[in-house]
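> So that we are looking at the same thing, I have put the structure below in structure tokens.
Nothing in this text is a laboratory measurement; each read-out follows from the coordinates by a stated rule. On a predicted model such as this, the values are computed, not experimentally measured, just so you know. As a convention, Cβ positions derive from the backbone with ideal geometry for all residues, glycine included, and neighbour counts pool all protein chains shown.
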Amino acid sequence: MSTGGYSVQELPPDPRILSGLKYRGYLYYVAQTAVWTFQAYFVLRLVSVLTSPVQTWQMWVTLAIEGMFALLSRQDQLLTIASGRAPPNSPRKRLRLQGDENLPTVEVLLPCCGEPVEVILDTIRAACTLDYPVTRFRVRVLDDGGSAALRAAVTELQPTWPHLSYHSRGRQTGQVFAKSGNLNYALQTLQEKTQPEFCAIFDADSIAAPEFLRATLPHLLATPAAVLVTTRQYFYNLPRGDPFSQSRLHFYTCQNTELDLQGRAIDAGSGALFRRRAIVDAGGYPTYSFSEDWQLSLVLQGLGHATIQVQEPLQFGLVPTSLAGHIAQQSRWHIGHTQQTRVLFAPYNATLSRPMQWGIVLNGLAITGRLVALLAIFVAVPALLLTAQPLIPTTRYLKPQLILATAHVALSWLFACLQSAHTDFQSAPFAHLENTWLAGSHLLALLRFHLISPRPKKGSFVTGSTTNTSNRPAAPSRLQTLHHHLWDNGIGFSALLLGTTLVAFTRALWRGVAVSDPTTTSGTVKALLTGAAFPPMLHVTFLVVLSLVEPVVHLLAPPVFPDRKAGLAVSVSNVQAGVWQPKAEVRVACVQQRKAVGGLVGRIGVVVVGLGAVGVGVWWL
């Protein structure tokens with residue numbers, strides 16, 4: 001592609017994506033089979049319960065748990081099916097804009113609100129030195145914190161980078177929707193006279209790679225229907241192993257990758273590039289929710305625009321360096337999703353059609369409903385296992401139920417493993433269940449926000465703000481730290497659920513052996529397969545235990561977050577300007593990050609042995 005004074009070069013595709021493509025066909029067909037198998041199985045289970053002469057609450061709750069848990073995986077399966085066996089845009093090309101003549105104009109917007117000045121300055125320096133003609137782009141610092149120190153620092157940098165400017169609406173910490181309002185201030189007020197063709201957004205702690213604009217612009221230039229390109233977020237201060245799953249590998253490599261193939265990628269906020277006119281015509285950034293980036297994606301897609309994702313490492317940010325900070329960040333996201341119902345009311349619905357409004361509302365309700373379902377599953381599993389009643393009807397359709405149940409669980413695991421392989425093992429099987437142990441904490445945060453006080457419990461909703469108490473050192477004494485983890489961070493509740501689940505499962509297995517007729521093996525097998533060893537119950541219990549173990553491991557061996565500067569080095573090409581970029585080894589570690597390989601073999605081994613034993617038991621009946 002060549003236009004005027006510039007051209008677009010195609011680079012070799014990402015080897016990670018190429019490595020996983022060979023599994024695409026298998027993944028697609030297994031997803032199809034898994035969906036249809038579960039539908040047939042669930043109908044059979046429902047008929048079995050409805051026609052059973054003996055119905056108990058255990059049977060109905062077990063059926064509900066099976067349905068809720070299967071729906072959690074079904075989303076990924078349906079996304080795979082919707083994208084197709086051989087999607088036309090897979091893999092997405094790696095493009096580079098070549099030349100310096102007649103390039104489109106770009107404004108880089110850096111919204112900030114109370115983050116440490118040194119962090120913001122690293123972001124500013126990286127943005128000012130992007131590989132792009134300085135006459136064709138400018139950098140605007142949008143300070144809602146009203147920091148005099150930041151203003152002075154930017155003033156000192158302006159002689160070096162005349163295309164840099166500082167703007168502030170004054171201190172906006174009391175405004176709930178500060179970030180969306182801050183960005184709209186730039187789009188609708190600051191840019192009123194000088195309107196760029198494109199805008200890029202970076203969080204205050206996100207360091208842009210020099211090639212960011214040359215790597216993202218070609219995708220919008222080559223695809224007129226696309227108005228926004230979002231880039232995967234990489235982080236340079238992750239602890240070893242990423243125990244809190246802060247890199248969000250499943251979202252970027254599984255869910256958003258499939259959405260990208262459909263032209264429906266979700267904007268991750270930082271590292272986005274968009275056509276300014278399209279965003280302004282859509283009404284700017286939505287102000288009805290904390291998650292303005294997610295909402296913008298839904299609005300644009302509802303208006304018929306395409307949104308795409310680029311997985312190249314083009315930005316590097318910071319993750320919260322404490323469990324409390326991690327929980328607060330995720331709780332804020334979930335609060336934002338509950339606020340999506342506001343789109344039904346004035347003035348937020350002025351530019352959106354009624355179908356679009358309801359689509360946004362249902363999206364938010366589904367995400368919040370997932371939290372409710374997870375908490376219900378965590379509580380119901382040990383409760384069911386502690387009872388002495390069969391979990392499924394035993395008078396009719398017993399073998400068909402067990403056979404289809406085994407097939408359903410086996411296909412769920414096969415899909416999860418193929419999905420992991422499709423990401424080149426960046427994402428682990430059932431990675432959509434990562435951080436699910438926090439469901440209770442998030443629901444408490446939602447109740448507190450909507451029923452008690454909308455004011456932030458941690459002093460500020462801004463993740464990196466110095467006024468956010470999650471960013472301050474932990475309690476000094478060990479006893480206070482332990483109390484903080486067990487009570488405030490919800491680890492105590494998770495540990496209680498974990499212990500109860502393990503005890504209940506052990507008792508259920510023992511009861512299945514002890515109370516059955518000792519003279520017949522089939523009686524023992526039947527008692528087990530209709531109780532704790534019922535395939536879906538084994539499946540759910542296993543994954544619930546894996547989820548609840550995570551916070552206990554954190555309590556016993558808390559992760560060590562590297563110092564921020566430890567992952568950075570002065571850019572060789574901008575030594576005098578003091579531009580910092582992630583070190584080479586940090587970049588390599590981000591690109592080569594693998595979460596699945598370590599525990600994959602062990603988990604598959606457990607599942608194969610378990611399903612094999614169930615199969616033998618079903619045959620024995």
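> Please list the radius of gyration and Dmax for the chain, considering alpha-carbon atoms only, with Å as the unit.
That works out to 26.1, 91 Å for Rg and Dmax.
> Can I ask one more? Peptides 104-111, 482-489: what's the order by average Cβ count within 10 Å, highest mean first?
Working: 104-111: 22.6, 482-489: 15.9.
The peptides rank, most packed first, as 104-111, 482-489.
> Taking the highest mean first, how do the peptides 82-92, 388-398, 228-238 order by number of other beta carbon atoms within 10 angstrom per residue? Spell out each step's value before the answer.
On the way: 82-92: 15.1, 388-398: 17.5, 228-238: 24.4.
My ranking of the peptides, most packed first, is 228-238, 388-398, 82-92.
> Counting only pairs 8 or more places apart or on different chains, how many lysine pairs in the chain have C-alpha atoms closer than 21 Å? Don't skip to the answer; put the middle values down first.
Details: K22/K93; K22/K595; K179/K457; K179/K458; K399/K526; K565/K583.
Qualifying lysine pairs in the chain: 6.
> Please give the contour-minus-distance gain from L509 to T56: 0.36 nm per residue of separation, less the Cα-Cα distance, rounded to one decimal in nm. Intermediate values should be presented prior to the final figure.
Working: separation 453, 0.36 × 453 = 163.08 nm, distance 2.00 nm.
Extra length available between L509 and T56 comes to 161.1 nm.
> Here's another thing I want to ask about it. For Q9 and A278, what is the calculated FRET efficiency with R₀ set at 22 Å and r taken between the beta-carbons, to the nearest 0.05?
Values: r = 26 Å, r/R0 = 1.17.
For R0 = 22 Å, the calculated efficiency reads 0.30.
> Gain in length, V552 to T135, computed as 0.36 nm per residue apart minus the alpha-carbon separation, to one decimal in nm?
Numbers: separation 417, 0.36 × 417 = 150.12 nm, distance 5.40 nm.
This chain segment gains 144.7 nm when fully extended.
> May I pose another question? DSSP H helices in the chain with Cα extent of 20 Å or more along the helix axis and mean Kyte-Doolittle hydropathy at least -1.0?
Values: long enough: 24-51 (40 Å, 0.78); 57-83 (39 Å, 0.63); 323-338 (23 Å, -0.49); 354-386 (47 Å, 1.59); 398-422 (36 Å, 0.95); 491-514 (34 Å, 1.28); 535-556 (31 Å, 1.66); 597-620 (35 Å, 1.76).
Within the chain the helices that satisfy the rule are 24-51, 57-83, 323-338, 354-386, 398-422, 491-514, 535-556, 597-620.
> What does the charge add up to near A153, with Lys and Arg as +1, Asp and Glu as -1, over the other residues with Cβ less than 12 Å from its Cβ?
Details: positive: R125, R151; negative: E118, D122, D143, E156.
Residues near A153 contribute -2 overall.
> Here's a follow-up. From the helices alone, meaning DSSP H stretches of at least four residues, give me the mean residue ellipticity at 222 nm for the chain, per-run term -39500 (n - 2.57), in deg cm²/dmol to the nearest 500. Can you show the working numbers first?
Working: 20 runs with 302 residues, N = 621.
Here the helix-only value at 222 nm equals -16000 deg cm²/dmol.
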